[in-house]
Structure formats: C-alpha cells, structure tokens
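Let me begin by presenting the structure, written as structure tokens, before commenting on it.
The values are calculated or read from the model by the stated rules, or taken from the named source; none is laboratory data. Please read these numbers as outputs of a predicted model, since none were measured by experiment. Counting neighbours? That spans all protein chains shown, and the Cβs are built from the backbone with ideal geometry, glycine included.
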Amino acid sequence: MKLLEGITVVDFSQFLSGPSASLRLADFGARVIKIEKTGTGDICRQLYVSEIEVANESTLFHTINRNKESFSANLKDERDKHQVLELIKKADVVMHNFRPGVMDRLGFSYEKVQKLNPEIIYAGISGYGEEGEWKDLPGQDLLLQSLSGLPYLNGESTKLPTPMGISVVDILAGTHLAQGILAALVKRDATGQGSLVQVSMLESALEFQFEVFTTFLNDGEELPERSEKNHAHSYIAAPYGVYETTDGFLALAMGSIPKLAELLSCSPLLKYDNPKNWFKQRDAIKKILADHLKNQKTSYWLNILEPADIWCAKVLNIEELTVEEGYKVLEMEMTVNTSKGQQIKTTRCPVRINGMKLNSERGAPFLGEHNDAIVVEFGLKN
C-alpha cells in the first residue's frame, strides 16, 4: 500500500509551483484530479522549454503532471461549478496557486469549501502573501528570485547579479506546500479537523536563504560580499569556489590554504598561514589558485587532492553527469507513458520508502481525459 493511498486531491493549480506539490503527493500514492479550463487547460500545456512536444503539448507539462487525472470545467458555468463542488465534498485536499482573491471570485473560497467539507485540507500558493502592496504582483519565478535577493548572491562582485538557472522558487514553494499538506493530514487523522495551508513564493525564497539572512540579521545588517574571483558563497573564505583547469573546471570547498600550497606545489600560497585572514584576503588567494590550477587537467588535481581528503569535485554538465557511474547507480531516470502511447523519459521521485524507489509509468493526462469516468464514479450531478 502506498503512503497516501485513499487520499484524493482536487488540484486547481497551474504552471510549476502548485503542480510540483501535487506531483509529490501523487508520487506518494495520492489520487490527484486536475481541474482544468475547458478548451485550453493548464497554461503550462503550451509553455515550451524546448522544441520537443508530446501530442502538440509541452514536455514540461507532461513531466510535472504525470500520474494525475484531468477534469475539464468552465468554472463560470453553474453546471460545471456545481460538479466541481460535488467533487470537493468527497476530496481530502483542495489546492491552488492563484493570486489572492481569485478562488473567492470563482466561488471556491476557503470558507465555502470548508463549510461543504469540514475535514478538508485547503492549500494555496501565492506569490507574495495575502497582504501588502505586492500581493497582486505576478508570482513568476525570475521576478521572485530578483525581489528575494537570490541573484545578488550569485556571480562575482564585479558582474551582474545572476539568477539561478532553474525555476527554483516555484519548486521550493511546491515543496513547502506539500510539506504543509502532509502535516495537516497527520493532524486531521489525529483530530478530525481540516486545515488551511498557505505558502508564498517570496517566503519560500527567503527561508531558502536562512543561512545568509541569519548572518545578516545578527551581523549589524551588513550585506554579504561576493568574491571578485571564483565566487561561490558570500560568507565562506578561500578556497571555496570553482576554478578553471586545462580541460574543464574544479570545485574546491572549505580547506587549509597551507595544506593546499603543499599538495599543489603552489609556493605563493604559503604566506597565507593564518586562517583568520582567509576570508579578508580571499580574492588574492583565489587569484593565485586560479592561475595555478589552469595549468593541469582536472583529473590531475583530483588525483592529488582526493587521496589527501581535500573536499573537491569535478564540475559537470548534464551530459557529462549522465555517463558517470555515480549517477547511473541512482537509477534516477524513468519512462512514463501517456494514454495515447507517447513515451517520455524523465526523473523519478527522489524519495525512497523502505528502500523502494517510487516509480510510476503513468504519464500526464490529456485535457478532460477523465471527465466521464469521474462523473460516473463520484456521482456528480448535472
């Protein structure tokens, strides 16, 4: 029996943040029914990140909505709205990622849903919270990264702030929402009471930076300083960073500068023998290291550093990663199948339960694919 078997989730969310949360619930065994707009569906169906398509739809949609069902409805039509409300009566979780007030205007406010189903877990993601002057701004990942300070932490101090190259805030918010829903389900089992679970993308992005924020708030509110050379973390001393070699790149984590000087035969580093100065003088240290390391291949340096227990690693792109044995042994790839026979290779859920990987071969639904079956099964009245 899967962990969430018997749990039904009615999911109004679109794009990435909400669907990433319901994807994890589906991985754990929950039944996820997507409520999609008749005719167009989840906007993510047409959000292309490459030229690859699945039946004229985005692979991104089919990746993040695997193992779900689709119920299409016009929420401005009273007949369709009534059917969805009847479905909610029999659900365990209702979730969305609309801007504040949208669910209320559609007729699915927390108060109304909770009255219909007192034990419901009602969960929502907003961009910036329910209050304040930002609450109606678009909750888009790059914008949230930018406002939260994340890009300021990336890249050398002489260069532009650098956003992360993935939709990190979307996925963080989805992760936090899934955690909140799971905690609320535990509470419901113990007390019989439902809960309202709320997450904002901004709060998720801020909590993601707890290490930096805590230092800032307790250090006279001084801004973190990025390195001029080989930057990787604003609060960590040299040698922490990524360095070019003759055939690639080498990552160095925390370590002793004198020990590195000896191992690498880099005598200019020997004068930096006081650990208290490795932060203040990190740019000078990193420049020496950068000039020295670019004279040999990555494997040459790894063969010296790894036996000495220096924390280091080669820097890989995805293509290079996938041929590594350390990647292959994880078996992170799986193939899912749509009901029309298309196949998509994607990543599996990273969680294992009792040693078992949570694989699923069921692909994402096509728009409205499950309407007839859901109407019959749940006895939805016209």
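Evaluated against (1) of a type in the set (A, V, I, L, M, F, W, C); (2) farther than 30 Å from residue 232 by Cα; (3) outside any helix (DSSP H, G or I); (4) at pLDDT 95 or above, residue 374 falls short on exactly one condition, (3). Right, residue 306: surrounded by 11 or more Cβ atoms within 10 Å (Cβ to Cβ), within 23 Å of the chain's Cα centre (by Cα) and not hydroxyl-bearing (Ser, Thr, Tyr) or not? The answer is no for residue 306.
What do you reckon, is residue 300 under 30 Å from residue 175 (Cβ atoms) and in a helix (DSSP H, G or I)? Taking the combined requirement at face value, the residue does not satisfy it. Applying the criterion of being within 22 Å of the chain's Cα centre (by Cα) and of a type in the set (Lys, Arg) to the residues of segment 28-83, the residue that is surrounded by the fewest Cβ atoms within 10 Å (Cβ to Cβ) is 31. For segment 93-113, the set of residues classified as without any contact (Cβ under 8 Å) to a residue 40 or more places away in the chain and not acidic (Asp, Glu) consists of 100, 101, 102, 105, 106, 107, 109, 112, 113, listed by residue number.
Of all residues in segment 125-174 being of a type in the set (S, T, N, Q) and either surrounded by fewer than 17 Cβ atoms within 10 Å (Cβ to Cβ) or without any contact (Cβ under 8 Å) to a residue 40 or more places away in the chain (or both), which is farthest from residue 22 (Cα to Cα)? Write out each step before concluding.
Our first condition is that a residue be of a type in the set (S, T, N, Q); within segment 125-174, this holds for 126, 140, 145-146, 148, 154, 157-158, 162, 167.
If we keep only those that are either surrounded by fewer than 17 Cβ atoms within 10 Å (Cβ to Cβ) or without any contact (Cβ under 8 Å) to a residue 40 or more places away in the chain (or both) too, we end up with 140, 146, 157-158, 162.
Working: 140: 19, 146: 26, 157: 38, 158: 41, 162: 29 Å.
Going through the qualifying residues, I end up with 158.
Based on what the data block shows, is residue 199 assigned by TED's automatic domain parsing to the domain that holds residue 110, in contact with a helix residue (DSSP H, G or I) (Cβ under 6 Å, 6 or more places away or on another chain) and surrounded by 17 or more Cβ atoms within 10 Å (Cβ to Cβ)? Spelling it out, residue 199 is indeed assigned by TED's automatic domain parsing to the domain that holds residue 110, in contact with a helix residue (DSSP H, G or I) (Cβ under 6 Å, 6 or more places away or on another chain) and surrounded by 17 or more Cβ atoms within 10 Å (Cβ to Cβ).
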